1. Based on DSSP, what percent of beta bridges with both residues in the chain are antiparallel, to the nearest 5?
2. Compute the helix-to-body angle for 169-184: its Cα long axis versus the longest principal axis of the chain, expressed 0 to 90° and rounded to tens.
3. Take the Cβ-Cβ distance between E210 and R184 as r, set R0 to 30 Å, and report the resulting FRET efficiency rounded to the nearest 0.05.
4. So how tilted is helix 109-122 from the main axis of the chain? Cα-based, degrees 0 to 90, rounded to 10.
5. What percent do you get for the relative contact order of the chain when only Cα pairs under 8 Å and 6+ apart count?
6. Among the trypsin sites (Lys or Arg not before Pro) within the range 199-229, which fall in a DSSP loop and have no more than 16 other Cβ atoms within 10 Å of their own Cβ?
7. Counting alpha carbon pairs within less than 8 Å and at least 6 residues apart, what relative contact order, in whole percent, applies to the range 1-47?
8. Please give the length that would be gained between L105 and A37 if that part of the chain were fully extended, namely 0.36 nm times their separation in residues minus their C-alpha to C-alpha distance (nm, one decimal).
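Since every read-out is calculated from the coordinates, none of them should be taken as a lab result. All values reported here derive from a predicted model rather than from experimental measurement. Quick reminder, even Gly has a Cβ in these numbers, built from the backbone with ideal geometry, and neighbours come from all protein chains shown.
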Amino acid sequence: MALLDIENLAVSYGPVAALRGVTLAVEEGRITTILGANGAGKSTLLRAALGAVAPRAGTIRFAGADVTRLPVHKRVAAGLSLVPEGRRILITMTIEENLLLGAHLRPDQGAVRAEMAAIYDRFPNLASRRHMAAACLSGGEQQMLAIGRAMLARPRLLMLDEPSLGLSPLFVERLFGLIAELNRGGLSMLLVEQNTGLALGVAHHAVVLELGRVVMQGDPAVLARDPRLQEAYLGES
Ligand code: ATP
C-alpha cells in the first residue's frame, strides 16, 4: 500500500481548473518528484494533499486512511508536512520561535528539545543565531530553517515546494545533500523542483504534470533520457 494515494483528484480555482483527474501514488521510503511547467498544477497538488485547498472531486488517502475531508492540522498530526514555496519564515520572530512553530501540535516537548538540539548540530549557522530575528538569515539559511521546522512536526511524508528557488549554487548542493540524507534515514518525500536535473537525480519516481494532468511517470533515469522531457525541462535537445 502506498503512503500517499491520490485518485482522480480535481481542483479548481473558480473557473480555472488546476488539477484534472490526477492519480498518483507516493511509496513509503522513497523520493517522488513532480515536474511540470509553470502553472501545471504542482503547487496545487501539494496544497491539496495538505488540505489547504479543497478538491472538487477525487480522494486522498494517507497511511491507509481517507484524509480527503480532514482539515490541515489533522493531516499534519497524521504525518503530512509541507515546506511551501517561498519558505514562509516569520522574519520578525527568532529562529528558535520559528522552529518551535513546527512542533506546536506535539505533546512530547522533551523529545522536541532533543530534536531541536540535533537540528542545531546539523545547522551551526542557525544555532549561533537562535535568539535573533530570522530576518538575519540568508535565503539558503531560511530554507534550512523551513526544513528544520517541518521536521519538528515529525512528518512521515515531507513535501517540499521549489526548495532550491533563489538559492546560491552552494546552498542548492547542500540542500540536495540534505534531501538525500533525510531520505536515507527513511523519510519519504514529495518534491516539486524547477531544477529538473537535480530532482531526477535524487528521486526514485517522477511524475510529469501538464495543464493539471499526469502526462508521464516512471523511473527518473528513464524520464531523464526521454526526448520530450529533455526538450521541455532539461534545456537539451
Ligand atoms: P508554479 O511553478 O508557477 O507555481 P505550478 O505548477 O505550481 O506552477 P499551480 O500554482 O498549482 O501551478 O497553478 C495551477 C493553475 O492554477 C494555474 O493556472 C494558476 O494560475 C492557477 N492558480 C493557482 N493558484 C491560484 C489561486 N489562488 N487562484 C486562482 N488561480 C490559481
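1. If we restrict to bridges inside the chain, about 55 percent are antiparallel.
2. 80 degrees
3. 0.45
4. Taking Cα atoms only, the helix is inclined about 80 degrees.
5. Values: 441 pairs, mean separation 64.2, N = 237.
Here the relative contact order equals 27 percent.
6. Passing both the DSSP loop test and the Cβ count: R225.
7. 35 percent
8. Numbers: separation 68, 0.36 × 68 = 24.48 nm, distance 3.48 nm.
My answer for the length gained is 21.0 nm.
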